[in-house]
Amino acid sequence: MSIKTHREPIVILISGRGSNMRALIERSRDAAAGYEVALVLSDKPSAAGLAAARDLGVPARAVVPAETADRAAYGRDLAAAIDPCAPSLVVLAGFMRILSAEFVARYSGRILNIHPSLLPKYPGLHTHRRALEAHEAEHGATVHFVTEQLDGGPAVIQARIKVNPDDDEDSLAARVQTEEHRIYPLAVRWFCEGRLRYAEERAWLDGTVLSGPVQYDEIEASGGR
């Protein structure tokens, strides 16, 4: 399989401080990254990640939903901001607004999200609290393709951590976030190199259907990328 050597443009959507956005931008400077961040958008003009993106040299602005706008109308406004960049991939990095079915269909197979749990466990909010309440031995993060089902698209890669006896929500969240910063740029790179794709409602890597998400610790152990 031929691997693309030029950098594919991506657009990142955020709602807050954008720690994954920062990791993606920083890793985009690697010689083998395969992508460049063309634009950062937020649904909140006060999002700290907008200033952080600009400080890193990436254009960033807010697309604020009108008070009377429904989900579909906001999706069209968002698409109008995205499309001039002609991105190969739309990357959700802490974007807390549920996307319309129309928006998801428009970029079908070209939207990735990262979720702070070992999906299919704990879709939705408060994942760290729920993992602690369930006395899980392991927790982590999952990169997945976005479909109309909330946090239900096919998983691409996971990173796992052990839950310590003294963990609380904050400590668990911080350790999971460290893993997020490792696996998200890797999944974006795979996509932009042409190795990762979405077809037949499944994730494919290097021409093979993923029966389950790639485990990051196995990549580290093998020294592979």
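The values are calculated or read from the model by the stated rules, or taken from the named source; none is laboratory data. Quantities reported herein were computed from a predicted structural model and do not represent experimental measurements. Here the Cβ is made from the backbone with ideal geometry for all residues, glycine too, and neighbour counts use every protein chain on show.
From V214, V156, V143, V176, grab the single residue that is at pLDDT 95 or above, closer than 21 Å to E26 by Cα and in contact with a Leu (Cβ under 8 Å, 6 or more places away or on another chain). So that I can check it myself, show each step before the final result.
On the way: V214 fails: closer than 21 Å to E26 by Cα; V156 fails: closer than 21 Å to E26 by Cα; V176 fails: in contact with a Leu (Cβ under 8 Å, 6 or more places away or on another chain).
When all the criteria are applied, what remains is V143.
Restricting to segment 145-164, and then to whatever is outside any strand (DSSP E or B) and of a type in the set (A, V, I, L, M, F, W, C), can you tell me which residue is nearest to L92 (Cα to Cα)?
Of all residues in segment 145-164, those outside any strand (DSSP E or B) come to 146-154, 163-164.
From what's left, of a type in the set (A, V, I, L, M, F, W, C): 146, 150, 163.
Details: V146: 9, L150: 13, V163: 26 Å.
Filtering segment 145-164 for residues that are outside any strand (DSSP E or B) and of a type in the set (A, V, I, L, M, F, W, C), the one nearest to L92 (Cα to Cα) comes out as V146.
Here are some residues: L24, L13. Which one is under 15 Å from the mean Cα position of the chain (by Cα) and part of a strand (DSSP E or B)? So that I can check it myself, show each step before the final result.
Values: L24 fails: part of a strand (DSSP E or B).
Result of the check over L24, L13: L13.
Collect the residues in segment 106-129 that are basic (K, R), surrounded by 16 or more Cβ atoms within 10 Å (Cβ to Cβ) and not in a loop (DSSP other than H, G, I, E, B), keeping them in residue-number order.
Residue satisfying the conditions is R106 alone.
With respect to R189, is the statement that it is surrounded by 19 or more Cβ atoms within 10 Å (Cβ to Cβ), in contact (Cβ under 8 Å) with a residue 60 or more places away in the chain and basic (K, R) true? Don't jump to the end; show me each part of the working.
Details: surrounded by 19 or more Cβ atoms within 10 Å (Cβ to Cβ): yes; in contact (Cβ under 8 Å) with a residue 60 or more places away in the chain: yes; basic (K, R): yes.
So R189 fits the description; yes.
Just need a number here: residues in segment 87-107 that are in contact with a strand residue (DSSP E or B) (Cβ under 6 Å, 6 or more places away or on another chain), of a type in the set (G, A, S) and at negative phi. Give the steps one after another, and end with the answer.
Taking segment 87-107 and keeping what is in contact with a strand residue (DSSP E or B) (Cβ under 6 Å, 6 or more places away or on another chain), we get 87-95, 107.
Restricting the remaining residues to those that are of a type in the set (G, A, S) gives 88, 93-94.
From the residues that got through so far, the ones that are at negative phi too are 88, 93.
Residues that pass the stated criteria total 2.
If you go through segment 48-105 one residue at a time, how many are hydrophobic (A, V, I, L, M, F, W, C) and part of a loop (DSSP other than H, G, I, E, B)? Steps first, answer last, please.
First, pick out the residues of segment 48-105 that are hydrophobic (A, V, I, L, M, F, W, C): 48, 50-53, 56, 58, 60, 62-64, 66, 69, 72-73, 78-82, 85-86, 89-93, 95-96, 98-99, 101, 103-105.
Retained after the next criterion (residues that are part of a loop (DSSP other than H, G, I, E, B)): 56, 58, 63-64, 66, 69, 86, 93, 95-96, 98-99.
So the count comes out to 12.
Residue by residue, here is whether (1) surrounded by 15 or more Cβ atoms within 10 Å (Cβ to Cβ); (2) outside any helix (DSSP H, G or I) holds:
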{"site": "D167", "(1), (2)": "yes, yes"}
{"site": "A174", "(1), (2)": "no, no"}
{"site": "H181", "(1), (2)": "yes, no"}
{"site": "W204", "(1), (2)": "yes, yes"}
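Is it the case that segment 59-75 has a residue that's among the hydroxyl-bearing types (S, T, Y) and farther than 27 Å from G207 by Cα? Working first, answer last.
Filtering segment 59-75 down to residues among the hydroxyl-bearing types (S, T, Y) leaves 68, 74.
This time we only want the ones that are farther than 27 Å from G207 by Cα, so: 68, 74.
Scanning segment 59-75, I find at least one residue that is among the hydroxyl-bearing types (S, T, Y) and farther than 27 Å from G207 by Cα, so the answer is yes.
What tally of residues in segment 50-92 results from selecting those that are of a type outside the set (G, A, S) and under 13 Å from Y107 (Cβ atoms)? Walk me through how you get there before you give the answer.
Quick first cut of segment 50-92, residues of a type outside the set (G, A, S) only: 50, 54-56, 58-59, 61, 63-65, 67-68, 70-71, 74, 76-78, 82-85, 87, 89-92.
Then keep just the ones that are under 13 Å from Y107 (Cβ atoms); that gives 76, 78, 82-83, 85, 87, 89-92.
Final tally of qualifying residues: 10.
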